[in-house]
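Quick notes on the structure that follows.
The values are calculated or read from the model by the stated rules, or taken from the named source; none is laboratory data. Model, not experiment: these values are computed from the prediction. Don't worry about glycine lacking a Cβ; one is built from the backbone with ideal geometry, like all the others, and counts go over all protein chains shown.
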Amino acid sequence: MNATTTERLYGLLPAVYRLRDADQGEPLRALLGVIESELQLVEGDIARLYDNWFIETCDEWVVAYIGDLLGVRGLPAGRTGLVFTQRGLVANTLAHRQGKGTAATLEQVARDVTGWPAKAVEFFRHLATTQQLNHLILTPPAAVDLRDLDRLELINGPFDGSAHTADVRHADNGRGCYNIPQVGLFLWRLQSYPLERATARAVASPADGRYTFDPLGNAIPLFNQPRTETDTSQSIAEIDVPAPLRRLPLYEELEARRQALVDGQTPAPSYFGSDPVLQVFLDGGNDPVSPEQILICNLSDPPAPAADWQRPPLTKPYTPAPPPGSPQQPPVVQLQIAVAVDPALGRLAFPAGVSHTSVEVSFSSGFSGDLGGGPYNRQDTVAAWLASYGGGTLWQKGVTQAAVAVQGDPTNLVSTIGAAIQSWNSQPAGTIGIIAVMDSHTYAETLTGQAAVTIPAGSALLIVAADWPLTPRIDDPAQQGRIPGQLTPFGVRSHLRGSLAVQGAAAAGSLNPGSLTINGMLIEGALSVLPGNLGLLQVIHTTLTPAAGTISVSAGSPIEQRNDSLAVTLQRGIAGPMTLATTVRLLTVQDSIVDAGSDTAIAISAPAAEVQSSTIRGQTTAKSLNAGNSLFTGVVTVARRQTGCTRFCYVPAGSVTPRRYRCQPAANAAGGGIVPLFTSFTFGQPGYGQLAPGNPAAIVTGAADEGEMGAFNFLQQTQRLGSLRARLSEYMRIGLETGTFFST
């Protein structure tokens with residue numbers, strides 16, 4: 001122990017007492033060590049006292065007390081587990097009060113209360129009215145210009161600039177819109193997740209020239225990455241929200257950019273400024289394709305008998321503007337086109353006859369929250385793993401497809417996941433190891449059979465999508481090295497295109513059979529536990545594509561091959577059907593989606609299951625079940641009804657479960673007319689697994705915390721919306737009513 005930092009009290013003792021204490025086994029030193037730890041806690045509380053005077057630096061529990069000093073009402077004081085903070089609401093209270101009754105203030109209040117971007121629309125400004133000839137209002141025009149394609153695309157949305165006839169229904173129930181006393185708040189629930197230099201998926205072959213941004217090959221809309229607002233007094237624009245990208249604005253910006261270059265002018269950037277919404281990298285180069293070489297177009301599947309998307313031309317003509325006073329028209333300039341992009345479908349196409357050895361893309365996709373494999377921050381779960389296993393010496397390998405990085409650090413870095421697993425399999429029992437996949441590339445590998453992961457007794461392995469940065473060395477700060485355990489688990493989502501198998505090698509009866517944890521990965525294949533003796537399998541913040549991403553556990557006939565001490569955990573993940581051998585000790589599903597593809601297919605088959613705040617699409621069969629705050633779309637069949645409980649869940653009719661408490665549909669419901677409605681259950685779509693607007697109140701407020709049932713309970717969307725509705729009247733003008741509408 002360091003006496004200067006952790007043994008200050010012991011160091012204050014005279015040397016004679018320390019010498020006598022050493023002769024008796026240092027009991028006094030141990031006692032003062034306990035007192036020292038308590039002293040550090042007290043000093044930490046004292047140090048926080050100054051920070052707690054300010055809303056920007058105070059602890060979360062102090063926010064309500066500072067808000068009380070300003071007269072901010074309705075703050076959730078004393079409530080724990082909130083994922084949205086009211087810190088911004090308290091910090092901006094004075095500014096909000098100064099701007100009461102303005103649309104910009106309503107938007108800022110909505111953002112501060114819910115954390116969602118919001119657009120306030122004064123519906124009375126968009127009414128088609130009979131004009132007074134002495135006081136003409138030029139905007140909006142009463143008739144829609146059918147040649148204005150941009151305005152037509154925005155009709156009935158938050159950025160609609162067209163005139164509408166009056167709607168006499170009320171807005172506060174989400175039904176009415178355009179009327180004199182009504183104001184609408186459009187909210188964006190989906191989040192935008194940027195991905196850097198992911199591997200584009202070839203539709204057929206590299207020579208074919210057709211790719212998708214999604215490494216799984218799905219047609220998904222690309223999302224805008226919102227820019228940071230610098231002036232909250234101004235109403236937000238389309239570029240400020242995490243919304244799907246539209247073809248027309250991007251096309252017009254790039255067309256204007258090319259025309260400006262031909263005219264010798266500086267283009268005005270918007271979507272393709274210093275932080276462009278999409279980039280394409282070819283053949284492993286470090287420089288992306290310049291925006292003026294990208295053509296935005298529609299790459300929809302053509303009608304039969306055509307079988308190919310349209311291809312961009314190699315060049316496109318532009319006529320420069322003539323110099324001032326010159327009667328002659330300059331010659332046409334041909335600009336090169338490198339790639340065509342369809343942001344609405346997430347597709348790329350190269351000119352006919354053009355092929356590339358590799359295509360990488362940077363883009364943003366949309367999803368409801370931090371669930372499944374994604375580039376969001378997963379530091380808390382990685383830190384928890386390190387706290388559990390990383391107290392001693394760590395073994396670590398990095399995986400990256402950057403050849404220069406691998407050659408520069410051959411002892412720590414390899415180019416394939418299989419090579420890292422092979423190195424791990426040669427480590428002795430009791431090793432604590434990490435395999436860090438350091439980029440968002442696709443790794444086409446089948447890690448089964450001889451290439452499977454082996455977990456000896458007492459060993460623990462973490463396979464995580466995370467950067468492993470270079471840091472100054474302690475012995476020589478001028479030199480840099482990679483320290484095991486120092487990870488950056490965000491900004492990266494690695495893709496394994498293949499299956500993964502693991503086998504526990506511990507002897508029967510081992511007290512510590514070993515564990516495997518997977519964090520932050522996108523796996524396009526099955527995850528299987530082979531016959532053996534594995535202690536723990538954790539799948540955290542990981543997506544196993546439902547079509548092929550099954551999780552299965554096999555048991556062998558010898559006792560040492562039965563996996564009878566195994567516990568399987570799926571936390572904040574997405575997976576296909578889960579089939580576990582009857583010898584498995586426990587299956588835990590937390591804040592996750594298990595998708596069997598239909599309500600009639602088997603989603604979970606396990607001896608003992610714990611399902612909390614999850615969405616299970618398909619049938620569930622188990623010997624025993626503990627479930628809470630979950631949605632089961634298929635029939636649930638449990639053998640031991642006297643064990644366990646089902647609380648605050650939706651369970652279809654015909655299910656056989658343990659005793660129920662406040663589940664839906666209620667036992668006395670006539671016909672059980674309560675059914676959960678989803679935005680989409682097509683995997684890959686932004687609204688996958690999200691509860692749709694219009695769900696029964698028993699579903700959206702039926703959880704134990706009065707929030708929604710299912711996998712996205714942790715987002716606390718019901719609580720956010722309730723807090724917003726309770727606060728809007730404070731900032732509305734007299735005589736107006738507000739309605740909330742979900743844009744995503």
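Okay, residues lined up against (1) on the phi > 0 side of the Ramachandran plot; (2) modelled with pLDDT of 90 or more:
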position	(1), (2)
Pro324	no, no
Gln334	no, no
Val341	no, yes
Leu348	no, yes
Gly353	yes, no
Val361	no, yes
Ser364	no, yes
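Does Ser630 qualify as being touching a Cys at 6+ places or on another chain (Cβ under 6 Å) and closer than 20 Å to Leu586 by Cβ? Reasoning before the result, please.
Numbers: touching a Cys at 6+ places or on another chain (Cβ under 6 Å): yes; closer than 20 Å to Leu586 by Cβ: yes.
Criteria met by Ser630.
Exactly one of (1) modelled with pLDDT of 90 or more; (2) more than 30 Å from Tyr443 (Cβ to Cβ) is unmet by Ala200. Its number?
Looking at each condition in turn, Ala200 falls short on (2).
Return the only residue of Gly520, Gly491 being buried (at least 18 other Cβ atoms within 10 Å of the Cβ), on the phi > 0 side of the Ramachandran plot and not assigned by TED's automatic domain parsing to the domain that holds Phe363.
The conditions single out Gly520.
Given the condition modelled with pLDDT of 90 or more and not polar (S, T, N, Q), answer yes or no: does some residue in the stretch 399-407 qualify? Outline the logic, then answer.
Looking only at the stretch 399-407, we keep the residues that are modelled with pLDDT of 90 or more, and these are 399-400.
Subset that is not polar (S, T, N, Q): 399.
Yes - at least one qualifying residue is present in the stretch 399-407.
Using the structure shown, decide if Gly549 is small (Gly, Ala, Ser) and either in contact with an Asp or Glu (Cβ under 7 Å, 6 or more places away or on another chain) or surrounded by 20 or more Cβ atoms within 10 Å (Cβ to Cβ) (or both).
Working: small (Gly, Ala, Ser): yes; either in contact with an Asp or Glu (Cβ under 7 Å, 6 or more places away or on another chain) or surrounded by 20 or more Cβ atoms within 10 Å (Cβ to Cβ) (or both): yes.
So Gly549 fits the description; yes.
Can you give me the number of residues within the stretch 52-76 that are closer than 16 Å to Asp112 by Cα and at pLDDT below 75?
Of the residues in the stretch 52-76, 4 are closer than 16 Å to Asp112 by Cα and at pLDDT below 75.
Condition test on Ser729, is it over 28 Å from the mean Cα position of the chain (by Cα) and either assigned to a helix (DSSP H, G or I) or closer than 23 Å to Tyr193 by Cβ (or both)?
Spelling it out, Ser729 is indeed over 28 Å from the mean Cα position of the chain (by Cα) and either assigned to a helix (DSSP H, G or I) or closer than 23 Å to Tyr193 by Cβ (or both).
Do we find that Thr615 is closer than 23 Å to Pro696 by Cβ and touching a Pro at 6+ places or on another chain (Cβ under 6 Å) in this structure?
So Thr615 does not fit the description; no.
For residues that are β-branched (Val, Ile, Thr), at pLDDT 80 or above and assigned to a loop (DSSP other than H, G, I, E, B), tally how many sit in the stretch 732-744.
Result for the stretch 732-744: 1.
Listed here are the residues, each with its yes/no results for (1) under 22 Å from Gly535 (Cβ atoms); (2) touching a strand residue (DSSP E or B) at 6+ places or on another chain (Cβ under 6 Å).
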| residue | (1), (2) |
| --- | --- |
| Thr588 | yes, yes |
| Gly597 | no, no |
| Ala603 | no, yes |
| Ala609 | yes, yes |
| Gln619 | no, yes |
| Lys623 | yes, yes |
| Ala639 | no, yes |
| Tyr650 | no, yes |
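How about the stretch 534-622: which strands (runs of 3 or more DSSP E) wholly inside it have at least 3 residues that are over 26 Å from Gly707 (Cα atoms)?
Answer list for the stretch 534-622: 536-540, 551-553, 578-580, 602-612.
Quick one: which strands (runs of 3 or more DSSP E) sit completely within the stretch 147-241 and have at least 2 residues that are touching a helix residue (DSSP H, G or I) at 6+ places or on another chain (Cβ under 7 Å)?
On the way: elements: 182-187, 191-199, 210-212.
Filter on the stretch 147-241 gives 182-187.
Name every residue in the stretch 391-450 that is assigned to a loop (DSSP other than H, G, I, E, B), without any contact (Cβ under 8 Å) to a residue 60 or more places away in the chain and within 26 Å of the chain's Cα centre (by Cα), in order of residue number.
Passing the criteria: Thr400, Gln401, Ala402, Thr416, Met438, Ala444, Glu445.
Pick from the stretch 623-637 the residues that are buried (at least 22 other Cβ atoms within 10 Å of the Cβ) and among the β-branched types (Val, Ile, Thr): which of them is farthest from Gly710 (Cα to Cα)?
Applying the filter and picking the extreme gives Val636.
So that you can scan it fast, the table gives a plain yes or no per residue for (1) within 20 Å of Pro676 (Cα to Cα); (2) in the same structural domain as Ser680 (by TED's automatic domain parsing); (3) surrounded by fewer than 19 Cβ atoms within 10 Å (Cβ to Cβ); (4) under 27 Å from the mean Cα position of the chain (by Cα):
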position: Asn533; (1), (2), (3), (4): no, no, no, no
position: Leu566; (1), (2), (3), (4): no, no, no, no
position: Leu570; (1), (2), (3), (4): no, no, no, yes
position: Leu580; (1), (2), (3), (4): no, no, no, no
position: Arg585; (1), (2), (3), (4): no, no, yes, no
position: Ile604; (1), (2), (3), (4): yes, yes, no, yes
